[in-house]
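Some notes on the structure that comes next.
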Protein chains: 2
Amino acid sequence: MKYLNPQGFLYSAVEAAIKKPGRNDLAIIYSETSANIAGIFTTNQIKAAPVHLDIRRTRNGRGQAIVVNSGNANACTGRQGMDDVQEITNGVARHLHIDQSLVSMCSTGVIGVTLPMKSIRRQLPHLVANLGKCKVEDVAEAIMTTDSFPKISGRKVAIGNKTGRIIGICKGAGMICPSMATMLCFIMTDINVQRKALKTSLRQAVQQSFNRIVVDGDMSTNDTVMIMANGMLGNGEITETAQYYRPFRDSLFGITADLAKMIVRDGEGASKFIEITVNGARTAREAQKAAYAVAKSSLVKTALYGKDANWGRIMAALGYSGSKIREEKTDIYFGKIKVVDAGTATGKDDAATSYLKRKDISITINLKIGKASAQVYTCDLTEEYVRINAAYRT
Amino acid sequence: MKYLNPQGFLYSAVEAAIKKPGRNDLAIIYSETSANIAGIFTTNQIKAAPVHLDIRRTRNGRGQAIVVNSGNANACTGRQGMDDVQEITNGVARHLHIDQSLVSMCSTGVIGVTLPMKSIRRQLPHLVANLGKCKVEDVAEAIMTTDSFPKISGRKVAIGNKTGRIIGICKGAGMICPSMATMLCFIMTDINVQRKALKTSLRQAVQQSFNRIVVDGDMSTNDTVMIMANGMLGNGEITETAQYYRPFRDSLFGITADLAKMIVRDGEGASKFIEITVNGARTAREAQKAAYAVAKSSLVKTALYGKDANWGRIMAALGYSGSKIREEKTDIYFGKIKVVDAGTATGKDDAATSYLKRKDISITINLKIGKASAQVYTCDLTEEYVRINAAYRT
């Protein structure tokens, strides 16, 4: 696939001996002019060193470069971890001749091990010198950990007679949960978007995408979504009330939704993509709770892996979800096949079992006690998930 | 092992074609005289038909017989499910010549399928006629589903110059979570214990045992713990202020703790028994939250299966547990090996990895921000867990 790169963004990726040999593991995303920047970060109380730095550095809404490494999370690394991320970002700023406050950093990988600074120091000049020789795809590949494919999505947005571009890349796979995934996501656009509008739209985009996916229910120390808008398209600044806010925002939502679904499809060991919709809940919050309980249930996820239309496990998960349900009202559908009608079996398990042979599955639950809905995406739980995560320090 | 049966309790188990052929699946526990009875039931909003019946029938604190079947949960079976459990318990009452209010029933197995009433009806007379020809071990075996061994624990209690007996049996395996497991537990004693004291001690016993174990975090529709005290020992009634309340209660705690640990050891596919202790939390509730988050984390459980001292996943789970923690204060031990000191690695991962080869593992976390503690038991997450739960309708 060919991705249309927003104007003014340059990329670089090198091998810095952080991951296994033979794979790039250190990358940089750079805008030729300083850009408006917004970030959303993990709510885990344990935050990796780079997350602490980024929260500070994105506060003023301006940024120009993001350094990313895979293979090491630089989390639970204490003082040393903070020193290292400072040294790397300051080094990059020096090589780029920009203010260090404009450089952020993101890390993903194993927790509790300090970065291999010697090889990183050696690679920094090459990393910067290499800018423009790589494509966004190279960065998408360099940030992969247990991901099996790079994740990229782009959109064109008509802004008057100009065409703006937005491109997003991310990495995910394990530890994906309703409060962002073990995931890093970087979104670049040449559209001129006001800082506040950028932040608002990003928050909403994350809420509707990465916060709606579940792989294993764990939440990482490093989760970060960042967007840079460098305005090189030359359009008038887009505020939340501007004419072109909506098309920009909708494209952003499209990109984050694409990327979130790719993460689920690439969930560790996943063999199925599962969409869970809860309708008829009392409140949106209860609809979400119910959907998450089903999406997180190991018993539901293993049954789906086994192509077993075991809706009883869905009923049980709804029952302990904390969302109000009434057994005698609840309907459950696998695809269009109604397997539960008003709390009891319809006898269509054979048709449902056959439906479960598909790779993409949708489960719809109607609680019939209110009007609120929620939708979440998850994958099945497989032996391969266990194998991947039992292996030493993947 | 030889178990000393409390006086006056008779047992029976037969094959009623509910489970696979060749295994008993319908049993009865009967006291020759009516007994004080107490029960604790699932808090899942979806409750199996027998649970609804038992809640009503145990309300007055008297009971004499418990019918149990495995292979079918009689949950999500609507009106038919309620009719069936009524018919079975009333039939048993008739055959036993006792009031139907004295008969309870418990079911475990697949959800959403009605009981095979034809074969159950045929077996009921044999089930009752058979009373006294079986041992408690036979009932413990008849209630097994995915359990790999029957679970029994007994204690003798000196009450003045008499010796009372308590015996408990249970089934568990999957769906074990902090709010009782997919488990049925029956405790019989010949000690004369007042109804209120029986209820109080049972509630506390469950709190400290079955509510402290995690297998897969799911909660079943059928969880039930019941105790019958028939008083045939002839001791003076034990109230909560009586001299012998304490020894009775401590023995009961011992039995439920034994059984809870057996359930974890027999967790579906489990290869390790894991004890997680959190010290130094601000409150008991926060200590529990932190311990449960670690015990429930799929990433922690797979790492332990892989003998990987990946304490970063423990830190991450603590960070999202909802319990207050401070990264720079947290210590983590595998056994006596300190792997995390004040939030960072001690470099003892090799020793820890070697420790993780054991079958019984203890993990101790010291949050060092308060004085509260909690302890929970769990098992690892293995490929075998996935295989068991992916298989059609186990």
Scan segment B:333-371 for trypsin sites (Lys or Arg not before Pro) in coil per DSSP, keeping those whose Cβ has at most 11 other Cβ atoms within 10 Å, and list them by number.
B:336, B:357, B:359, B:371
Pairwise label distance in nanometres, residue B:87 with residue A:55, each label 7 Å out on the Cα-Cβ vector:
6.2 nm
On the protein heavy atoms, probe 1.4 angstrom, tell me the percent of accessible surface of segment A:249-366 carried by carbon and sulfur.
45 percent
Which whole-number percentage describes the relative contact order of chain B, with Cα contacts under 8 Å and a sequence gap of 6 or more?
16 percent
How much of the DSSP bridge set in segment B:251-394 is antiparallel, in percent, rounded to the nearest 5?
70 percent
Within the protein assembly as shown, percent of DSSP bridges classed antiparallel, to nearest 5
70 percent
Less than 15 Å Cβ to Cβ from residue B:15, Lys/Arg counted +1 and Asp/Glu -1: what total charge do the surrounding residues give?
+4
Of every Cα-Cα pair in segment A:70-115, the percent that sits beyond 11 Å:
64 percent
Given 37 °C, 0.692 mPa s and a Kirkwood radius over Cα pairs, the Stokes-Einstein diffusion coefficient of chain A in µm²/s is 151 µm²/s
Calculate how steeply helix A:311-320 sits against the longest principal axis of the alpha-carbon atoms of chain A, using the helix alpha-carbon long axis, and give the answer as 0 to 90 degrees to the nearest 10.
70 degrees
Viscosity 1.002 mPa s, temperature 20 °C: what is the translational diffusion coefficient of segment A:315-387 from Stokes-Einstein with a Kirkwood Rh over Cα pairs, rounded to a whole number of µm²/s?
156 µm²/s
Just give the residues from segment B:283-301 buried by at least 40 square angstrom of accessible area in the all-chains context relative to the isolated chain, probe 1.4 Å, and say none if nothing qualifies.
B:298, B:299
Any chance you could give the angle, 0 to 90 degrees and rounded to 10, that helix A:284-296 forms with the longest Cα principal axis of chain A?
90 degrees
Which net charge results when you count Lys and Arg as +1 and Asp and Glu as -1 among the other residues whose beta-carbon is under 13 Å from that of residue B:283?
+4
homo-copy label distances at residue A:375 (7 angstrom along Cα-Cβ), nm, one dp, ascending, are 4.8
Rh (Kirkwood; distinct C-alpha pairs) - the protein assembly as shown, Å:
28.1 Å
Hey, could you get me the Stokes-Einstein D for segment B:20-107, Kirkwood radius over alpha-carbon pairs, 37 °C and 0.692 mPa s, rounded to whole µm² s⁻¹?
246 µm²/s
Could you pull the Cα extents of segment B:245-303 along its three principal axes, largest to smallest, in whole Å?
42, 34, 12
Counted charge near residue A:367, where neighbours are those whose Cβ lies closer than 15 Å (Asp, Glu -1; Lys, Arg +1):
+4
Take every DSSP beta bridge whose two residues both sit in chain B, then give the antiparallel share in percent to the nearest 5.
70 percent
Cα-based helix-to-principal-axis angle, B:245-265 vs chain B, degrees rounded to 10
70 degrees
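The values are calculated or read from the model by the stated rules, or taken from the named source; none is laboratory data. As the structure is a computational prediction, the values presented were derived from the model and not from experiment. Cβ sites come from the backbone with ideal geometry, for glycine too, and all protein chains shown count toward neighbours. Heads up: the accessible areas ignore ligands, DNA and RNA and are worked out on the full protein's heavy atoms, side chains in. Shrake-Rupley method; radii C 1.70, N 1.55, O 1.52, S 1.80 Å.
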